[in-house]
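Scroll down for the structure; my scribbles are underneath it.
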Amino acid sequence: MREVVAFLGLGANIGDRERAIRTAVERLGVTPGIRVLRVSSLRETELVGDGPPQGMFLNGACSIATSLPASALLSVCKALELAAGRTLPAPRNHPRALDVDLLLFGEEHIDTKELTVPHPRLFERAFVLEPLRELGVSEQALSDLRPMPAPRLVTTTREFQAICSTWIEGGCLTGLVPTMGALHAGHGSLFECARKECDRVAATIFVNPKQFGPKEDLAAYPRDLPGDLRLCAKSGVDVVFAPSPAEMYAPGFASNIDVGAEGETMEGATRPGHFRGVSTVVARLFAIARPHRAYFGQKDAQQVAVLRRLVRDLGFPLRLVECPTVREADGLAMSSRNVYLDAKDRAAAPVIHRALRAAQQAFAGGLRDRDALVQVATAVLAGEPRATIDYLELRSEGDLLPLPIGPVAGGRMLAAVRFSGGRTVRLLDNMSVVASFENSGS
Ligand code: PAF
């Protein structure tokens, strides 16, 4: 049977520490499928990290040859801890009768819900590295095994697919945040939301040519990969997939996803083919990553409605999560395109938010007529000479279908407004006209 050489970290800081470690090694030696090869010397160290006041640790490591799979070896480690009197799950950084960590398992990288190998904190801890060196692990082996700092950047579909498959097979709940880069705090909030809900988070950065019209700003769309990676690192993103157009759409790529009428009004009318491009790239990302959840910003409400339709119609087994719009202090919805605004247009742009809020306030004050509500917002925008309305519509909440003329029970007002002081910049925003002011700023 094939044996793998694995390394286990051993530590204790209550009771007879040395005895607990020696007993664990003896028990390992009589466990079927495990041969103990070498045991390092033991050393005293203080707790690393925050925790309640506690005694010094005694730490060491041992090497074993094992025919067990890594998951079974992990169960052996947990059983040793229990046998030493430890209660599991144990609060982090609390005193413990025995710690047995699976540090290295051959040259394998393992990333499941229960187990990450090499051990994620191994490379920061001298009390683990020193015993490993003593047991013969070379500097070269350590450097080969050192994981790339998160987020890991991958550019090929094959690598990204492999990482996501490992997560899924390892039982991790995986979240995908598709973006076109030039990331800002709005994207940051999508990452945070995904980080809270999922075990692993992947972001994609791809300026998708298919969703830009021939006269649109594809070439000039802002790009800042180093800045994007910094935000992803700060937000706890595990992997960033940033493919080239040729990687995303191999030569001969010919399939396109058309979502029908929902993609042909408002943004779809102004930008023919836009939602076909969005749907095609997002479907492709879903097929590659197979996420359990995918996160999109409510600022692009029509995009969310179109993608919900796509998920429903094609039966992607995932939950689409819509996250609230993040705004600047003056109410302007955050957008990668805000950087294009010249100073005067930037000062004028919060008028969109004011217009939407005016409609919301009018609704709260009792106005119910669909066109009168649109008129309220139109009047506010008309007061700003730098702003030109592309469309302003009150649609049904959720699926964003047209509402009939006459009184409405609420809905979502969607606006696209152009500012042309410097270069022409089209900004989108939307707001529920029924929710209370405090929580409907999205
Ligand atoms: O919202 C965006 O940034 C893009 O439309 C998306 C969803 C990443 C598809 O390219």
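The values are calculated or read from the model by the stated rules, or taken from the named source; none is laboratory data. Keep in mind that this is a model prediction, so the values were computed, not measured. Virtual Cβ from ideal backbone geometry, glycine too; neighbours counted across all protein chains shown. These accessible areas exclude ligands, DNA and RNA; they are computed on the full protein's heavy atoms, side chains included. Shrake-Rupley method; radii C 1.70, N 1.55, O 1.52, S 1.80 Å.
Is the C-alpha gyration tensor of region 285-425 telling us rounded, prolate or oblate? Criteria: a/c under 1.5 is rounded; beyond that, a/b larger than b/c is prolate, otherwise oblate. The partial results should precede the final answer.
Numbers: a/c = 2.40, a/b = 1.29, b/c = 1.86.
Because a/c hits 1.5 or more and a/b fails to exceed b/c, region 285-425 counts as oblate.
For V326, nonlocal amide neighbours, meaning residues 5 or more places apart or on other chains whose placed amide H falls under 5 Å from its own, are M334. With one equal scatterer per alpha carbon and no solvent term, the Debye-computed log10 I(q)/I(0) for the chain at 0.07 1/Å reads -0.49. The candidates K215, K344, K234, arranged from most to least accessible area with a 1.4 Å probe in the full protein assembly, appear as K215, K234, K344.
Its Cα centre serving as origin, region 281-397 has a Cβ charge dipole (Lys and Arg +1, Asp and Glu -1) of approximately 500 debye. Per-residue accessible area (protein heavy atoms, 1.4 Å probe) orders H353, H109 as H109, H353, starting from the largest.
Computed per residue of the chain from DSSP H runs no shorter than four, each worth -39500 (n - 2.57), the mean residue ellipticity at 222 nm is -10000 deg cm²/dmol. The figure for M334 is an accessible area of roughly 30 square angstrom, using a 1.4 Å probe on the protein chains alone. Taken along its principal axes, the alpha carbon cloud of region 266-332 reaches lengths of 39, 28, 17 Å, longest axis first. If you take the Cα centroid of region 15-31 and the Cα centroid of region 101-126, the two points sit 21 Å apart. When only Cα pairs below 8 angstrom with a gap of at least 6 residues are kept, the chain shows a relative contact order of 11 percent. Considering only G273, Y221, T204, the residue lying farthest towards the positive end of the dipole of region 185-311 is T204, judged by Cα position with unit charges set on Cβ.
Here the mean projected area of the convex hull built on the C-alpha positions of region 370-413 is 3.2 nm². Beta bridges from DSSP with both residues in the chain: antiparallel share about 70 percent, rounded to the nearest 5. Remark: relative contact order (region 1-99) = 41 percent; criterion is Cα-Cα distance under 8 angstrom and separation of 6 or more residues. Rg of the Cα atoms in region 184-234, relative to 2.2 N^0.38 Å, amounts to 1.37.
Put T280, T155 in order of accessible area, highest first, and with a 1.4 Å probe you get T155, T280.
Here each label is just a point 7 Å from Cα along the line to Cβ, and for R368 and S396 those points are 1.8 nm apart.
Classify region 1-116 from the C-alpha gyration tensor, please: rounded if a/c falls under 1.5, else prolate or oblate depending on whether a/b exceeds b/c.
Working: a/c = 1.84, a/b = 1.50, b/c = 1.22.
Cα axes put region 1-116 in the prolate bin.
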